[in-house]
Amino acid sequence: MSEHSEHIVPVKLYVAIFLTLIVLTGVTAYVAFIDLSANIGGHVVNFNPLVALAIAIFKATLVILFFMHVKYSSRLTKIVVGAGVFWLLILLSLTMTDYLSRSLQTAPPMH
Amino acid sequence: MSDRSVVIHESPGHEAHHPMLQHHFDDMEQQKEASSLGMWIFLITEIMFFGGMFAAYLVYRHSYYDAFVWGSTSLDIKLGAINTAVLIFSSLTMALAVHAAQLGMRKLLIFFLFLTLVFGGVFLGIKAIEYKQKYDEHHIPGHSFNFEPVILPNGKPHNVDQANAQLFFSLYFAMTGMHAMHMIVGAGLLSALIYMAWRGKFSASYYTPVENIGLYWHFVDIVWIFLFPLLYLISRVHHV
């Protein structure tokens, strides 16, 4: 049986999550203007998009777990939410592995 | 409080049960669980819907990097950041509305629902200002679209491919437009909730509509949490 669903989250926790989200919004907007690119093996790799997306994923996780009560939900709800995120990752990762790897293809040999 | 005096029997028979309990459910607990699960299934279809647009954005940003960088840097980062904060604020007030509903505090519930509605309105107002700017700059895809050459750090002007820039702004308007439409639907749902709460439809033992529309509102907030970095932030440092 699932645990009792009527879990009441203390207001203090909501405010703490809210403040964290606001601070992270400021951080991600500030960091966007700092050059985070590095020279890896002669290639300039820009880490700005990765950092911005990592902060966004962290913010979304806080909203899902606490504002949307998934942390206190039944195991069934957790599995459903997890499956949804997993399917989204299939959509994005399989699409991008195709497009990102196209430039790796070498021209066919000339005969 | 009158609405808390409802008697809930341990084993509900046909004659004695909570007035909001539908007959095909065993008890309020099971009914709430089923309702919440159904809402999540709906939200997953929404994740897939927005996911398709996110995938399109990533693919075209990869293919037409130059136009996407200059299109992105033409957006107003201050308004975007303020709107992110406004939406996070509205998510807090929505969470506090659910909290008030759980405690059966009717006036507090109405107050927080109303605040959430106001923040939603502020977001849409700021979005309208941004759209007006884009209209004045001829950045709306169509026959009058025109993306002026940009000045590179070395002082030289750089022509941005017009077709590719239109693709960026098509995606920008499709994604922020669909998001704004969800906000408008959310505002309608909030108005209905305020009316229902005012009529005294909710109690500490029944507030499922508040909880489910809360889930919807937070979901729309999450979509913006990803739109903000993808559209406004990730192209500020670039090497084109």
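Brief remarks on what is shown
- Chain B, helix-only ellipticity at 222 nm - DSSP H runs n ≥ 4, -39,500 (n - 2.57), divided by all residues, nearest 500: -23500 deg cm²/dmol
- Sequence-separation-based contact order of chain B, relative, with Cα cut under 8 Å and 6+ spacing, percent: 31 percent
- Over chain A, relative contact order from alpha-carbon pairs under 8 Å, at least 6 apart, %: 25 percent
- Relative intensity, log₁₀ I(q)/I(0), of the protein assembly as shown from a Debye sum that treats every alpha carbon as a point, q = 0.11 Å⁻¹: -0.80
- Fraction of accessible area attributable to carbon and sulfur, chain A (%, probe 1.4 Å): 72 percent
- Under 27 Å from the Cα of B:LYS107 - lysines, other chains or at least 8 residues apart: A:LYS12, B:LYS32, B:LYS201
- Choice from B:ILE44, B:ILE151, B:ILE225 showing the highest fluctuation, given a GNM over chain B with Cα pairs closer than 10 Å: B:ILE151
- Cα gyration tensor, chain A - rounded (a/c under 1.5), prolate or oblate: oblate
- For segment B:73-86, 3J(HN,Hα) computed residue by residue from phi via the Karplus equation (6.51, -1.76, 1.60; θ = phi - 60°) reads 6, 7, 7, 7, 5, 5, 5, x, 5, 4, 5, 4, 5, 4 Hz, glycine and proline entered as x.
- Sorted largest first by accessible area at a 1.4 angstrom probe radius, with every protein chain in place, the residues A:LEU76, B:LEU43 fall in the order A:LEU76, B:LEU43.
- Loop chymotrypsin sites (Phe, Trp or Tyr not before Pro), segment B:68-111 (other Cβ atoms within 10 Å of the site Cβ: 10 or fewer; DSSP): none
- Set of lysines with alpha-carbon distance to B:LYS134 below 27 Å, sequence-local pairs under 8 removed: B:LYS78, B:LYS156
- Calculated P(r) of segment B:80-197 - Cα pairs past 21 Å, %: 52 percent
- Selected from B:HIS18, B:HIS139, B:HIS182 as most flexible by GNM, with chain B as the system and alpha-carbon contacts under 10 Å: B:HIS18
- Cut-off under 5 Å, modelled amide H: who pairs with B:SER203 long-range: none
- Choice from A:LYS12, A:LYS59, A:LYS71 showing the highest fluctuation, given a GNM over chain A with Cα pairs closer than 10 Å: A:LYS12
- Evaluating 6.51 cos²θ - 1.76 cosθ + 1.60 at θ = phi - 60° for every residue in segment A:72-80, the Karplus couplings come out as 9, 8, 5, 4, 4, 4, 4, 5, 4 Hz, glycine and proline recorded as x.
- Accessible area (Å², 1.4 Å probe, nearest 10) - B:ILE194: 30 Å²
- Label-point separation, A:LEU65 to A:ILE79 (7 Å along Cα→Cβ), nm: 2.2 nm
- Taking a straight Cα-Cα cut-off under 17 Å and skipping sequence neighbours fewer than 8 places away in the same chain, the lysines within cross-link reach of A:LYS59 are A:LYS71.
- Amide H partners (placed H, <5 Å) of A:SER37, local residues excluded: A:PHE47
- Å² of accessible area per residue within segment B:181-240, as computed with a 1.4 Å probe and no ligands counted: 31 Å²
- Förster radius 35 Å - calculated FRET efficiency between B:ASP27 and B:SER170, Cβ distance, rounded to 0.05: 0.10
- Computed with a 1.4 Å probe over protein heavy atoms only, the accessible area of B:GLU137 comes to about 80 Å².
- Protein heavy-atom accessible area occluded, B/A pair - total, 1.4 Å probe, Å²: 4400 Å²
- Projected onto their three principal axes, the Cα atoms of segment B:28-233 cover extents of 66, 29, 28 Å, largest first.
- Segment A:77-92 and segment B:151-180 have Cα centres separated by 31 Å.
- Among residues other than B:SER63 with Cβ under 14 Å from its Cβ, the summed charge is -1 (Lys and Arg +1, Asp and Glu -1).
- Annotation: B:MET53 carries an accessible surface of approximately 30 Å², with a 1.4 Å probe and no ligand, DNA or RNA atoms counted.
- With the charge dipole of segment B:28-233 set up from +1 on Lys and Arg Cβ and -1 on Asp and Glu Cβ about the Cα centre, the Cα lying farthest toward the positive end among the listed residues B:MET53, B:VAL185, B:THR116 is that of B:THR116.
- Zone residues, segment B:64-93, relative to A:SER37, backbone N less than 19 Å from point 7 Å out along Cα-to-Cβ: B:64-74
The values are calculated or read from the model by the stated rules, or taken from the named source; none is laboratory data. The model shown is predicted, which means the values in this text are computed figures rather than measured ones. Positions of Cβ are generated from backbone atoms using ideal geometry, with glycine treated the same way; all protein chains shown enter the neighbour counts. Calculation scope for accessible area: heavy atoms of the full protein, side chains included, ligands and nucleic acids excluded. Shrake-Rupley method; radii C 1.70, N 1.55, O 1.52, S 1.80 Å.
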